[in-house]
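S.K.: Take a look at this one; I'll ask things after.
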Amino acid sequence: MTRVFVPGDAAALSVGAEEVAEALAREAPARGVSIEIIRNGSRGMFWLEPLVEVETAAGRIAYGPVAPADVPALLDGGLLEGKPGALCHGLTEAIPYLANQERLTFARCGVTDPFSLDDYRAHGGYRGLARALALTPAAIVEEVAASGLRGRGGAGFPTGIKWRTVLEQPAGQKYIVANADEGDSGTFADRMLMEGDPFLLIEGMTIAGIAVGATKGYIYIRSEYPHAFRAFSRAIHIAREAGLLGERVSGSAHAFDIEARLGAGAYICGEETSLLESLEGKRGLVRYRPPLPAIQGLFGQPTVVNNLLSFAAVPTILAEGAAFYANYGMGRSRGTMPLQLAGNMRRGGLVEKAFGITMRDAIEGFGGGTASGRPLRAVQVGGPLGAYLPESLLDTPIDYEALAAVGGMLGHGGIVVFDDTVDMARQARFAMEFCAAESCGKCTPCRIGSTRGVEVIDQVLARADVPANLALLDDLCEVLADASLCALGGLTPNPVRSALRHFPEDFDRAPAVTIAATSG
Amino acid sequence: MATITVDGKTIEAPAGAPLVEVLKQNGVYISNLCYIDGLKPYAGCRSCLVDVQGPPGFQLSCTTQVQDNMVVTTDSDDLKDARKAVVSIILANHSDRCLTCHRREHCHPGDICLRDDVVTHRCLTCSKNYRCELQATCEMVGMSGYEPWVGEERSWYQTPQPPADRANPYMEFDPQMCIICTRCQRACDEKRHTGAITLSGRGWDTRIAFGSGGAIHESNCDFSGACIDVCPTAALMEHPNKWVAKPDTWTTTTCDSCAIGCSIKLGSKDGRGNIVRPNASGNAVSGDQICVRGRYHYDSLKPRERLSKHTVRRGAIQVPVTTDEAIAEAARQLKEAATRGRVGVLVGATATVEEAWLARRIAAEAFKSAADSALGPVMRAVRTALEARLGTWRISGDLTKVAAAKTVVVIADDLEESHNVLSVRVKDAAVRARAKVLVIGSLRSELVDFAAAWVRPHGGEEGLAAAQLADAVRGGTPPPAVAAAVEILKAAQPGETMIVCAPNPVSPAVAGSMAAGAANLAIALFGAQASDHLAVLPAEVNVHGLQDVGVAIEGGPNPLDGLAGLLVVRDAPTMRLPGAAAALDGISTIVAIDSVASGAVKRATAVLAEGRAYASAGTYTQADHRAQKLAPAIQPEGDAQPLFQLLRDLGAALGLSLPADADAALGEVAAHDARYRPAWDLILGEGVRLDVPTAPKATAVPVDAIAAGEGIRIVTGRDLYTALDAASARHPEAERLHRYDHIQVSEQDAARLGISDEDIIEITDGTSTVRAPASVTERVREGTVFVSSLLQGGAVANFLASSVIAVVRVGVPVTA
């Protein structure tokens, strides 16, 4: 029986994967062939979705993007034998986009059946946990520290140090919290992983729990990800049934269980303290620090709050050793980073590469430049609060420090591309607007300052006393950056100031003129 | 202790203390618009910036904890600029000019408007002008006169805000003035444990909201005004006297509304009160909290509704007379009555110790009688119950221990309503000390939400239920329904347990039974130390003070029986005693001293107008024997005189030599009762706890079931909102929210009898009848109705003539 892979990932579903699977299930028996359709995760090549793969002796052959109407012709053209033809891209693994990546975290994503533990184990799963169970908690923490893993949520704080802090807290109830409130523009890695390789995350969180002495883990999943929530909840159930979660993890003396919680629908709930408040059932108001969550976190107990991708990197580190992981990367940024190419991008998708790849390599090499074919004008890395960088800085390597040196930040690894039709003054306005809408409402600069920022930029856009208003805007940015309670208000000036610095011409002319001039 | 340096000065402060509090206590100004002393920092306003040597950037002084050798700068130019920048952002969204004018959008600064006023800047049209924390902050950080909109077309903020909520009689909420500091929300939640205030919306649309976003009076707000105390702007304001509450005098005195005796600051202008604030340093039980009564009942009646003239009855009318004439006539009448028979003296429990002392001396020396009180039968029932078990009625439990107790037992009709601030302390224990709270009461009080167990006896059987729990603790087998309660009691530890009993204020039988049950329970748990763990809260503020000077110690079941003449000293027999109106009609000479037109005043042959408690100097002895000072905070209206002065002059006219002032009177009290010596010696401070030793005995005496007939029982008690003096005058707005001028009916009975909310219903025992709108509620248990003790001038007292629990028929009146 031929095995055919049709992704069950939300990105593939959104472009008709379900209909494609139905068409295959209908058309193949009609031709007298029996097939097994496996709903895998996504390979992260979104311009090819729905990507249908057929298992052949030579390997998996990729076809995409497949529309339901294409199915009869594809079957008749020898799809099940992996014959080349229209929509065929040959061996999946040989597609340059995939072949040129260094997939550690996403190694299994799109390859396996996300809900098959056997499949997960067959592809190297649960080796990390097995090793962790043989180590002392302190040794696990040291392994993670030695790997150089830094928080993948944006701040880049060394994961090992955070874990050590929690480990050193007096015994008592401790918690593991995975932040899957993935709200940055152009990011989807968390969702892909929850839907495409959920056991990896369960394994990573379990290792964290064993390392710091926490018996309970929560994963806070963005409310806009109902599909991922269902998928991950299902995976938790399977793991629990298999004894991989519960009173005795894998038959060991360690207890660990995970509860999936649906988010409250606010960007700010991705901020770790706000997330903890929300998990506690309260309004997602940011907490002041100290105390750090590692000391007083969820319900006032020591808590490891990490981005989902940080936990997902851990099984590899334990299974292959810290040195293996640390061997990737550059400078103080070790390992690989799942980059997410989005925006005006020809080949949007997930690119996992070791730190050190330049933005140009990612955008032009993998992404193939703008989707519109027009010249690239600006790139925003790290979500809506990341700086706007001009084309001239594209050779900056993807590295926490190198990006910071040019005023940028890596954030969660989202890269959004704009072509030359973009009005950067409008983009600066959007940053303020975003802050005004998504502020938790607690601190003055963020709540009121951002609205004031929108107004001042509106004045600039209306060409009213531009120099005075730009000076006022600069003052506002300073207050936001210096006096805000959390990173939302503190980083909002990033896109505004970088737009002002790199694209000053957009602030000195009326918006209509901007568009006319650049498109002429 | 830690030593820190602030702007070059050395300051000693406790290590770990919030820096902002240390700065304020040491006279260093620091703007802070969201911090509340004693609560966790919020860190929202961002204006309390300081520079702490070491960490980069500026720090918030609210979240910074004092550490030894810390070096702090508060006054560098950079800091001042940063603070100004933050405040300027707050001001950018604070309403400014001509807020209250509908024409504001047509005017520009400097215009002359139709009212012939210059169009004002910012605060001039705000009710909180000159007493606003935001305004003061702007001045202190050097921003007065700051104009966020210079050079722009508009001069006001164009974000539409929800309309102001002015729909209740107590407080106003104007979102336009709000700076979202959330102090109100945290005070309501963390200080009051009410949680009526919440944040709604997010980002720019974040708003303060009450309940689920509706009107204040539709939320669970109990109008304590704790939010008003902390509001830095005019967003939350008292409704009464909102525009005029700019006192010329602040007087520290004691609230007269219940036996907790909260210390208050009463602000007055030209002798009339216009605002009340809690006085945090006065009474350790109340601290910085008061309740709706303390905050608003200074204003329960308008000045013109109080007595301002002394009168003498001539035929059918009361004729105004001068003070001298009135005193002479009153003395003449009483002397004449004394020749005909017994002259009684009734003293109300809001009279001070000193005033009660004078009344007692007048009774004893002029009329050879014992001064009594309309509350006398209830007081004696409680006293008898306590003396039988503990050997004294002076119970030694200290109410300041409630907030930190690990186990609290509440035996009351509804403590939340009768002694509100103590109920807050019980909640403190439940929330902060994680205490187990056991509520014994027929009414579903708000405390039930905080209780680990609730025993719900039938109406009037609270004392019996407590006594049965005492028996179960001693070894009996508890019924399964109360097993949880018995477990809590068995785990209660000495030294960290308080039993709080608030006996019923109307029925002597029920009140005595409650006190007896509470005493039995304390004895069962703590034996000889029982009284140290017990507090019995009287029905009115100075019941203990009255008893201390010998008022209401002796007396029969009805103080109005067999009198030829009666002197009523700010007392309300018609509110307390069954059949009082008819009994008063039968007494030919009645001299009434009061500030309102009470039932006794209306029937008096001579009326002396006095100025209510807030015009008095003196002492209240509250529930746990704290002697709290009163200072004259207001002027009596018109010809009215302070009560003490009237009694002294009346005594003189009766031929007695009475002390000249309250201080001298307290000296006499102290000579008579040495326990009052510290109160007399008190020079600084608002109160002192009198010495109350552990009770001399601890012997449980069985508590009998009170006989009750078949039918629906009346449960009564003090409600939170009704003003005592306004109820005494039967003022239609005595209860301004109009919640407790209803008869509360259980859902089950209402369904059975076909009663809906607001139906006019009637309760009757065949002799007495009360008619009022119905309120169907889960607060009352099936088979009972709740009638406030102050409804319709205390009409419920008429049902309680005997020592049985009153039973009535309930129904919709038949109309012809």
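The values are calculated or read from the model by the stated rules, or taken from the named source; none is laboratory data. Computed from a predicted model, the values in this text were never measured in an experiment. Don't worry about glycine lacking a Cβ; one is built from the backbone with ideal geometry, like all the others, and counts go over all protein chains shown. Each accessible area value is taken on the protein alone, full model and side chains, heavy atoms only, with ligands, DNA and RNA left out. Shrake-Rupley method; radii C 1.70, N 1.55, O 1.52, S 1.80 Å.
S.K.: Working from Cα positions, state the angle (0 to 90°, nearest 10) between the long axis of helix B:662-672 and the longest principal axis of chain B.
M.R.: Around 50 degrees separate the two axes.
S.K.: Sticking with this structure for a sec: In chain A, which helices (entire DSSP H runs) extend 15 Å or more along their own long axis, judged by Cα positions, while averaging at least 0.0 on the Kyte-Doolittle scale? Write out the running numbers ahead of the final one.
M.R.: Values: long enough: A:17-30 (20 Å, -0.09); A:137-147 (16 Å, 0.97); A:198-212 (22 Å, 1.80); A:226-241 (22 Å, -0.25); A:308-320 (19 Å, 1.67); A:424-438 (21 Å, 0.09); A:450-461 (16 Å, 0.33); A:466-483 (25 Å, 1.00).
Counting only whole DSSP H runs, the qualifying helices are A:137-147, A:198-212, A:308-320, A:424-438, A:450-461, A:466-483.
S.K.: At q = 0.17, 0.23, 0.24, 0.27 Å⁻¹, what log₁₀ I(q)/I(0) does the stretch A:194-272 have when each alpha carbon counts as one equal point scatterer in the Debye sum?
M.R.: Log-scaled intensity ratios, in q order: -0.65, -1.05, -1.11, -1.26.
S.K.: Could you please state how large a percent of the accessible area of chain B is carbon and sulfur, counting protein chains only and using a 1.4 Å probe? List each step's numbers first, then the result.
M.R.: Values: 14910 of 29650 Å².
The C+S portion of the solvent-accessible surface of chain B is 50 percent.
S.K.: Which whole-angstrom value gives the distance between the alpha carbon centres of the stretch B:572-638 and the stretch B:216-232?
M.R.: 31
S.K.: Pulled fully out, how much extra length does the chain show between B:Lys9 and B:Glu758, if you take 0.36 nm times their separation in residues and subtract their Cα-Cα distance?
M.R.: Between B:Lys9 and B:Glu758, full extension yields an extra 263.0 nm.
S.K.: In degrees from 0 to 90, rounded to the nearest 10, what is the angle of the helix B:643-653 Cα long axis to the longest principal axis of chain B?
M.R.: Rounded to the nearest ten degrees, it is 40.
S.K.: Now a separate question. Would you compute, from DSSP H runs of 4+ residues alone, the mean residue ellipticity of chain A at 222 nm, taking -39500 (n - 2.57) per run and dividing by the full residue count, rounded to the nearest 500? Write out the running numbers ahead of the final one.
M.R.: Values: 21 runs with 204 residues, N = 520.
The per-residue figure over chain A is -11500 deg cm²/dmol.
S.K.: For peptide B:562-568, compute the average count of partner chain beta-carbon atoms within 10 Å of each residue's beta-carbon. Walk me through the numbers on the way to the answer.
M.R.: Details: counts 0, 0, 0, 0, 0, 0, 0.
Whole-number average of other-chain Cβ neighbours for B:562-568 is 0.
S.K.: So for chain A: antiparallel DSSP bridges make up what percent, rounded to the nearest 5? Write down the numbers at each step before the final one.
M.R.: Numbers: 29 of 54 bridges.
If we restrict to bridges inside chain A, about 55 percent are antiparallel.
S.K.: Taking +1 at the Cβ of each Lys and Arg and -1 at the Cβ of each Asp and Glu, which of B:Ala349, A:Pro495, B:Cys227 sits farthest along the dipole of the protein assembly as shown towards its positive end, judged by Cα position relative to the Cα centre?
M.R.: B:Ala349
S.K.: Label points 7 Å out from Cα along the Cβ direction at B:Lys246 and A:Ala130: separation in nm?
M.R.: Each label point is offset 7 Å from its Cα along the Cβ direction, giving 8.2 nm.
S.K.: Tell me the relative contact order for chain B as a rounded percent, counting alpha carbon contacts under 8 Å between residues six or more apart. Walk me through the intermediate numbers first.
M.R.: Working: 1900 pairs, mean separation 97.5, N = 816.
So the answer I get is 12 percent.
S.K.: Okay, moving on. What is the dipole size for chain B, taken about its Cα centre, with +1 at each Lys and Arg Cβ and -1 at each Asp and Glu Cβ, in debye to the nearest 20?
M.R.: Numbers: 80 positive and 94 negative charges, 142 e Å.
Charge dipole, chain B, about its Cα centre: 680 debye, nearest 20.
S.K.: Something else about it: Classify chain A: rounded, prolate or oblate, from the alpha-carbon gyration tensor (a ≥ b ≥ c, eigenvalue square roots; a/c under 1.5 rounded; otherwise prolate if a/b is larger than b/c)?
M.R.: Values: a/c = 1.95, a/b = 1.16, b/c = 1.68.
Note, shape of chain A comes out oblate.
S.K.: State the Cα centre-to-centre distance between the stretch B:666-735 and the stretch B:349-420 in whole Å.
M.R.: The distance from the Cα centre of the stretch B:666-735 to that of the stretch B:349-420 comes to 3 Å.
S.K.: Continuing with this model, one more query. Rank by packing, highest mean first: peptides A:235-248, B:328-341, A:462-475, A:385-398, with packing defined as the count of other Cβ atoms within 10 Å averaged across residues. Working shown, then result.
M.R.: Values: A:235-248: 16.8, B:328-341: 18.4, A:462-475: 15.3, A:385-398: 19.9.
Ranking the peptides A:235-248, B:328-341, A:462-475, A:385-398 by packing returns A:385-398, B:328-341, A:235-248, A:462-475.
S.K.: For the stretch A:166-255, give the magnitude of the charge dipole about the Cα centre (Cβ charges: +1 Lys/Arg, -1 Asp/Glu; no others), in debye to the nearest 20. Don't skip to the answer; put the middle values down first.
M.R.: Numbers: 8 positive and 11 negative charges, 68 e Å.
The dipole magnitude comes to about 320 debye.
S.K.: Per the helix-only calculation at 222 nm, which mean residue ellipticity applies to chain B, given -39500 (n - 2.57) for every DSSP H run of n ≥ 4 and division by its residues, nearest 500 deg cm²/dmol?
M.R.: Values: 23 runs with 203 residues, N = 816.
It lands at -7000 deg cm²/dmol.
S.K.: Now for a different question. Among A:Ala253, A:Gly270, A:Phe229, flag the residue with its Cα farthest along the positive direction of the charge dipole of the stretch A:160-281, charges on Cβ as +1 for Lys/Arg and -1 for Asp/Glu.
M.R.: It is A:Ala253.
S.K.: Need one value for A:447-457: mean number of C-beta atoms belonging to other chains within 10 Å of its residues' C-beta atoms.
M.R.: Details: counts 11, 13, 8, 3, 8, 5, 0, 1, 3, 0, 0.
Per residue, the number of nearby Cβ atoms from other chains is 5 on average.
S.K.: While we're on this one: Can you find, among B:Ser76, B:Ser257, B:Ala698, the residue farthest towards the positive end of the dipole of chain B? Put +1 on the C-beta of Lys and Arg, -1 on that of Asp and Glu.
M.R.: B:Ala698
S.K.: Another question, if that's okay. What does the structure give for B:193-206 when I average, per residue, the other chain Cβ atoms found within 10 Å of the residue Cβ?
M.R.: 5
S.K.: Based on Cβ point charges of +1 for Lys and Arg and -1 for Asp and Glu, what charge dipole magnitude is obtained for the protein assembly as shown about its Cα centre, in debye rounded to the nearest 20?
M.R.: On the way: 126 positive and 153 negative charges, 409 e Å.
It works out to roughly 1960 debye.
S.K.: In addition: Quote the accessible area belonging to B:Lys80 in square angstrom, nearest 10, computed with a 1.4 Å probe and with ligands, DNA and RNA left uncounted.
M.R.: Solvent-accessible area, nearest 10 Å²: 90 Å².
S.K.: Is the C-alpha gyration tensor of the stretch A:117-326 telling us rounded, prolate or oblate? Criteria: a/c under 1.5 is rounded; beyond that, a/b larger than b/c is prolate, otherwise oblate. Don't skip to the answer; put the middle values down first.
M.R.: On the way: a/c = 1.42, a/b = 1.16, b/c = 1.23.
Verdict is rounded for the stretch A:117-326.
S.K.: When the distances between all Cα atoms of the stretch A:424-507 are binned every 5 Å from zero, what whole-number percent does each bin get?
M.R.: 3, 18, 31, 27, 14, 6, 1
S.K.: Take the alpha carbon gyration tensor of the stretch A:2-99, find the square roots of its eigenvalues, order them as a ≥ b ≥ c, and report rounded if a/c is under 1.5; if not, report prolate when a/b exceeds b/c, else oblate. Walk me through the intermediate numbers first.
M.R.: Numbers: a/c = 1.60, a/b = 1.16, b/c = 1.37.
Note, shape of the stretch A:2-99 comes out oblate.
S.K.: Take A:Trp163, B:Trp204 and sort them by solvent-accessible surface of the protein heavy atoms, 1.4 Å probe, largest at the top.
M.R.: On the way: A:Trp163 0, B:Trp204 40 Å².
So the residues, ranked largest to smallest area, are B:Trp204, A:Trp163.
S.K.: A further question follows. Separation of the stretch B:1-61 and the stretch A:284-353 by C-alpha centroid, Å?
M.R.: The stretch B:1-61 and the stretch A:284-353 have Cα centres separated by 35 Å.
S.K.: If the chain between B:Thr699 and B:Val71 were fully stretched, how many nm would it gain, using 0.36 nm times the residue separation less the Cα-Cα distance?
M.R.: Details: separation 628, 0.36 × 628 = 226.08 nm, distance 6.15 nm.
Contour length minus Cα-Cα distance gives 219.9 nm.
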